[in-house]
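Quick note: the coordinates plus some simple rules give every number you see, no bench work behind them. What you see is a predicted model; the values in this text were computed from it and never measured. As a convention, Cβ positions derive from the backbone with ideal geometry for all residues, glycine included, and neighbour counts pool all protein chains shown.
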Amino acid sequence: IRNVNILAIESSCDETAASVVCNGREMLSNVISSQIDLHTLYGGVVPEIASRKHIEKINQVIEEALREAGMTLDNIDAIGVTYGPGLVGALLVGVAEAKAIAYAKNLPLVGVHHIEGHISANYIENKNLEPPFICLVVSGGHTHLVCVKDYGKYDIIGRTRDDAAGEAFDKVARAIGLGYPGGPKIDKLSKEGNPNAIPFPKAHMDDAPYDFSFSGLKSSVLNYINACEMKHVEYNRADIAASFQKAVIDVLVENTMKAVDRYDMNRFAIAGGVASNSSLRAAMEVACAERGVQFFHPSPILCTDNAAMIGAAAYYEYMAGTRHGLDLNAVPNLKL
Ligand code: KG4
Ligand code: ZN
């Protein structure tokens, strides 16, 4: 059978990315131009700046992805692009670019859901991973517990009621002066702290055992810091980071394993930016081992936003017959 090469484009937030993926599993290139340094100045992603930067970078990122793969557009079979969810102005840059190439080269266009992309990142390095499996998607914008029934077929088992896990990491990091993005910084600092120093609350909802809530935890960390400042007591940033991180991880592991048990699944995967957290990976590893469940996770570079994951997802959508027209639009709140 013929190889299917997909040129994939991702621009939903603050990474301009392009990649060539062969048959959904083989990453031939993975180019990521990060805008993090720009947004760090403002303590978070500024949508207007993100869009402008995507426009500046997207052509060279795509050219580099093709060059690295040793290809030209003539070797490409389809264009995959993230069309939601995300920042509308940022998404539009990738979508417009993808449509222009599809039109100019008369290539099929496949729109991809960003979360489907994150989940599919697992296919690239785990050649033996196939549905069905349970996947926990934890990123800056999403916290979803998903049952992947088949390629492109998802049941959402649980989700966050308020903040995403990554958002909580970013907000707590800002409160203790670590800067943006906070996840990797808390990950690092927490290794010097005591995770049992401060008993931060863990939210469990009796009526929805697979849902998450992190805003109460975040407020509790902010209150703790305020109380220390009022009393002029020095607080230990590493202890706060470690205790906060433990509260997040405990809930993520508990709810996820409840779902793994309930669905009687023997495969579990993790995805999204927070999935690169070293303590979370270690905790999931242990919980899965206890149950004899196989644990899958992408390398850190494929956990945070990238286009290879979009190429993997686009391949399975393409094989299932998904085609989008040149009227494809960015959908900021696209549902999975
Ligand atoms: O998947 P991603 O790149 O973008 C979204 O789709 O949201 O995720 C970014 C999020 C940020 O909130 C960042 O702080 C978090 O992932 N993150 C981490 C780590 N690395 C990135 N959170 C915890 N520990 C990490 N090592
Ligand atoms: Zn993402």
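List of remarks:
- Restricting attention to the chain, close to 60% of DSSP beta bridges with both partner residues there are antiparallel.
- The phi-based Karplus calculation (6.51 cos²θ - 1.76 cosθ + 1.60; θ = phi - 60°) puts the 3J(HN,Hα) values of segment 18-24 at 9, 7, 10, 10, 9, 6, x Hz, whole numbers, x for Gly and Pro.
- Debye, to nearest 20: dipole size of segment 131-299, +1 on Lys, Arg Cβ, -1 on Asp, Glu Cβ: 280 debye
- Per-residue ellipticity at 222 nm from helix content only, as computed over the chain with -39500 (n - 2.57) for each DSSP H run of at least four residues, stands at -14000 deg cm²/dmol.
- Exposure proxy ranking, count of Cβ atoms within 10 Å, fewest first, for MET71, MET205, MET309: MET205, MET71, MET309
- Straight Cα distances below 15 angstrom link LYS335 to the aspartates and glutamates GLU116, ASP155, with same-chain residues fewer than 8 positions distant left out.
- Relative contact order of the chain, taken over Cα pairs closer than 8 Å and 6 or more residues apart, is 25 percent.
- Under DSSP loop assignment and at most 10 Cβ neighbours within 10 Å, longest trypsin sites (Lys or Arg not before Pro)-free interval of the chain: 3-126
- Backbone geometry of segment 240-249 corresponds, through the Karplus equation with coefficients 6.51, -1.76 and 1.60 at θ = phi - 60°, to 3J(HN,Hα) couplings of 4, 4, 5, 5, 4, 4, 5, 4, 5, 5 Hz, x marking Gly and Pro.
- Taking 0.36 nm per residue of separation and subtracting the current Cα-Cα distance, fully stretching the chain between LEU73 and ASP155 would add 26.0 nm.
- Rounded to whole Hz, the Karplus (6.51, -1.76, 1.60) HN-Hα couplings of segment 106-116, x for glycine and proline: 6, 10, x, 10, 10, x, 10, 6, 4, 6, 4
- Around TYR123: net Lys/Arg minus Asp/Glu count, Cβ-Cβ under 14 Å: -3
- Taking every lysine pair in segment 131-299 that is 8 or more places apart or spans two chains, those with Cα atoms closer than 25 Å amount to 25.
- Residues whose amide H lies under 5 Å from that of ILE176, counting only those 5 or more places away or on a different chain, are absent; hydrogens are built 1.01 Å from N in the peptide plane.
- Long-range amide H partners of ILE157 with built H, under 5 Å: LEU145, VAL146, CYS147
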